[in-house]
Structure formats: structure tokens, C-alpha cells
Amino acid sequence: MADLSFHDRSSPKTLKQLADLSGATLNDDADGSLIVSDVAALHEAGTDHISFLDNPKYKEQFKITKARACIVSKDMAQYAPEGVHLLISKHPYKSYALIAQAFYPEAYPAAQISDAAFVDNTAVIGQGCVIEAGAVIQKGAILGKGVWVGSNAVVDYNVQIGDKCRIGANATISHTIMGENSRIYPGARIGQDGFGFAIDPAGHVKVPQLGRVIIGDNVEIGANTTIDRGAGPDTIIGDGTWIDNLVQIAHNVKIGRGCIIIAHAGIAGSAVIEDYAVIAGQVGVAGHVTVGSGAQIAAQSGVINDVPAGAKMMGSPAFPMKEHLRHLATLKKLATKG
């Protein structure tokens with residue numbers, strides 16, 4: 001359960017209110033006027049809590065939960081303990097997320113520019129912005145309405161940031177144009193030089209990185225992630241893509257809409273990740289390859305060739321997942337012989 005020292009909880013709500021805002025429906029015997037005050041995990045929940053079951057792995061916890069109410073799929077409703085009121089959802093985890101947001105809406109401070117921040121007099125600052133102590137907004141930067149810049153963050157020369165974006169503490173943004181409602185988490189480095197150079201035994205020669213980073217709307221970029229600007233073409237992050245902590249995205253990479261890229265992944269220069277692809281943790285994607293729309297790359301895989309749309313890949317080098325698992329099974333059989 002949430003520690004109220006760090007999180008502000010809103011007022012109690014009826015099950016009918018929660019069903020309406022989450023896209024769930026009340027089970028036939030559920031009392032819509034019943035009030036709950038908080039969300040909690042199945043094993044922690046008490047009689048004033050609502051919980052959820054999404055993964056069948058936790059079915060046994062569901063059978064003995066003390067929660068007043070629970071969000072479940074229609075198939076799991078039969079396992080509910082007596083007295084638990086059910087909200088039926090096709091997507092229980094999504095419904096839970098919406099309910100949790102209702103109980104714990106993200107706090108947003110009143111508009112203010114700290115006296116301890118530096119804002120160049122040529123910068124354009126939209127209405128309702130928050131600029132915290134130590135932040136630096138350089139010459140020619142443009143911040144839209146309601147942008148929140150955290151302590152010691154740097155918005156460099158001529159960067160453009162759309163409405164309602166949030167820039168975390170100690171993040172650095174240069175050579176970037178960002179859409180609306182996007183969030184950069186603390187310590188991220190956006191728009192730095194790409195790793196471009198001509199190899200020469202007499203001394204490597206740096207290639208000027210003349211492109212930008214273009215970030216769409218509703219993008220999340222995790223803590224300490226780095227996204228290099230393009231060498232000439234831009235590095236592009238599409239609308240609705242979410243990038244985890246500690247990810248490296250090199251120059252000229254093009255990432256489509258709605259992609260998920262998980263921690264410690266590295267995407268080399270000029271790779272293309274098409275819409276709704278999933279790149280799992282510690283995946284390496286080689287330069288100049290394309291990962292097709294909707295493809296899924298399993299953790300610790302190495303992608304060195306193009307991946308077809310919708311494919312599920314695994315291993316290093318990455319093979320179709322079923323093929324890779326057959327290889328592993330065959331190796332296991334060979335290893336146990338004789």
C-alpha cells in the first residue's frame with residue numbers, strides 16, 4: 001500500500017464511480033453504493049480496499065483476499081471469495097491503473113519560477129510553467145504552457161518543449177524539439193553528440209553531429225537514458241513511445257509510435273524500430289537494421305538482421321522464438337547423452 005508520507009490520496013469513492021471511470025462493469029451481486037478508500041495488493045488488502053487480479057499466477061491469493069472489492073476478468077470471477085464485490089473488466093490491469101490514478105492523482109505545483117533558476121531573457125516561457133531551483137533555460141529556448149522543469153535540469157539553446165511536458169531533475173536537453181504531454185525523467189541526456197567518427201590510425205576524426213532529436217506527444221523517457229541527436233538526419237521518437245531507465249539510443253535512430261523499450265537496451269545508429277514494437281531488457285539492436293511493426297524481442301537478445309513485422313525473436317543472434325527454443329532443447333538433449 002502507498003506510504004502517505006510520499007503520496008497524497010484523494011477521497012473515498014463508490015464502486016459505481018470506480019466502475020464508470022475504469023471501463024469495468026459491476027457484477028450482478030455487487031453493491032455499487034459501497035465505498036472504498038484505497039487500492040491494495042491482494043495479500044495486503046482489507047475491507048476498505050479494492051484490489052485486482054490480472055495474472056492467473058495469483059489466483060490462490062485472490063481466493064483468500066480480504067479486499068472489499070476486486071477487478072477481475074469474467075473467467076476469474078468464479079474464484080472470488082464470499083463477500084468480495086467484483087468489477088468485471090476485459091483488461092483488469094488497465095482498469096486498476098485508472099482507479100489507482102483516481103485515488104492518487106499526480107500532484108502538480110502552482111506556477112512559479114524559482115529565484116535560484118537561470119532563465120535567459122530571450123527564452124519564451126508559457127503560462128503556468130514551473131521552473132525549480134538550479135534549473136537553466138538557455139537563450140532562445142521555448143517552453144509551452146504548463147511545462148515543469150526540475151531542479152538543476154538544463155534546457156539548452158533553442159530547444160522547444162511542448163505544453164504540459166515535465167523535465168526531471170538533472171536532465172539535460174539540447175538540439176531537441178519535443179511535443180506535448182511528454183516526460184523526461186531525472187538524469188536523462190537528450191540531444192548529445194552521436195558517436196560518429198572516421199577511424200584513422202593517426203587519430204580518429206570526429207564527424208559533426210548536425211541533426212536533432214524529435215520527440216512526439218505522450219512520450220516517456222526514463223531516468224539516465226541517453227538519446228543522441230542525429231548526424232544529419234534526425235533521431236526520432238514517435239508518439240506514445242515509452243522508454244525505460246538506462247537505455248541508449250544512438251544517432252539517426254527512428255522509433256515509431258507506441259513502442260516499448262525496456263531497461264539496458266541499446267539501439268545502434270540508423271536502426272529503425274517500427275510502430276508498437278517491444279524491445280525487452282538488455283537487448284542489443286545493431287545499426288541500420290529494421291525491427292518491424294509489432295515485433296517482440298526477448299530479453300538479452302542480439303538483433304543483427306531485419307526482423308519481420310509481428311515476429312517474436314529470441315537469442316543472440318536473434319532467431320524466431322520457437323526456433324530458438326528448439327535449438328536449446330536439442331542442445332540440452334545432446335549435453336545429457338552419454
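From the list 99, 71, which residue is in a strand (DSSP E or B), on the phi < 0 side of the Ramachandran plot and within 26 Å of the chain's Cα centre (by Cα)? Reasoning before the result, please.
Values: 99 fails: in a strand (DSSP E or B).
Result of the check over 99, 71: 71.
Just the residues that are closer than 20 Å to residue 270 by Cβ and assigned to a loop (DSSP other than H, G, I, E, B), please, taken from the range 202-218.
Our first condition is that a residue be closer than 20 Å to residue 270 by Cβ; within the range 202-218, this holds for 204-216.
The answer is 204, 207, 208, 209, 210, 211, 212, 216.
Please state which one of 122, 65, 47 is farther than 29 Å from residue 166 by Cβ, β-branched (Val, Ile, Thr) and surrounded by fewer than 19 Cβ atoms within 10 Å (Cβ to Cβ). I'd like the intermediate steps shown before the answer.
On the way: 122 fails: farther than 29 Å from residue 166 by Cβ; 65 fails: surrounded by fewer than 19 Cβ atoms within 10 Å (Cβ to Cβ).
Of 122, 65, 47, the one residue that is farther than 29 Å from residue 166 by Cβ, β-branched (Val, Ile, Thr) and surrounded by fewer than 19 Cβ atoms within 10 Å (Cβ to Cβ) is 47.
Kindly list the number of the only condition in (1) more than 28 Å from the chain's Cα centre (by Cα); (2) surrounded by fewer than 15 Cβ atoms within 10 Å (Cβ to Cβ) that fails for residue 85.
Going through the list (1) more than 28 Å from the chain's Cα centre (by Cα); (2) surrounded by fewer than 15 Cβ atoms within 10 Å (Cβ to Cβ), residue 85 breaks only (2).
Any chance you could count how many residues in the range 237-260 are under 20 Å from residue 294 (Cα atoms), buried (at least 20 other Cβ atoms within 10 Å of the Cβ) and among the hydrophobic types (A, V, I, L, M, F, W, C)?
The qualifying residues number 7.
Looking only at the range 50-62, how many residues end up being surrounded by 14 or more Cβ atoms within 10 Å (Cβ to Cβ) and more than 12 Å from residue 95 (Cβ to Cβ)?
Summing the residues that are surrounded by 14 or more Cβ atoms within 10 Å (Cβ to Cβ) and more than 12 Å from residue 95 (Cβ to Cβ) in the range 50-62 gives 3.
Could you please find all residues in the range 275-310 being part of a strand (DSSP E or B) and within 19 Å of residue 241 (Cβ to Cβ)? Before the answer, list the steps.
First, pick out the residues of the range 275-310 that are part of a strand (DSSP E or B): 278-279, 284-285, 290-291, 296-297, 302-303, 307.
278, 279, 284, 285, 290, 291, 296, 297, 303, 307, listed by residue number.
Hey, does the range 104-111 have a residue that's among the aliphatic types (A, V, I, L, M) and modelled with pLDDT of 95 or more? Even if it seems obvious, please write down each step before you answer.
Kept after step one, since they are among the aliphatic types (A, V, I, L, M), are these residues of the range 104-111: 107, 110-111.
Imposing the further condition that a residue be modelled with pLDDT of 95 or more reduces the set to 111.
Looking for residues that are among the aliphatic types (A, V, I, L, M) and modelled with pLDDT of 95 or more, one finds at least one in the range 104-111, hence yes.
All but one of (1) surrounded by 18 or more Cβ atoms within 10 Å (Cβ to Cβ); (2) modelled with pLDDT under 95 hold for residue 171; which doesn't?
Just one mismatch for residue 171, condition (2).
Across the range 139-165, what is the total count of residues that are assigned to a loop (DSSP other than H, G, I, E, B) and either assigned by TED's automatic domain parsing to the domain that holds residue 185 or closer than 12 Å to residue 176 by Cβ (or both)?
Let us first name the residues in the range 139-165 that are assigned to a loop (DSSP other than H, G, I, E, B), namely 139-141, 144-147, 150-153, 156-159, 162-165.
Remaining after also requiring either assigned by TED's automatic domain parsing to the domain that holds residue 185 or closer than 12 Å to residue 176 by Cβ (or both): 141, 156-159, 162, 165.
Counting residues in the range 139-165 that are assigned to a loop (DSSP other than H, G, I, E, B) and either assigned by TED's automatic domain parsing to the domain that holds residue 185 or closer than 12 Å to residue 176 by Cβ (or both) gives 7.
The values are calculated or read from the model by the stated rules, or taken from the named source; none is laboratory data. Predicted, not measured: the structure shown is a model, and the values here were computed from it. Here the Cβ is made from the backbone with ideal geometry for all residues, glycine too, and neighbour counts use every protein chain on show.
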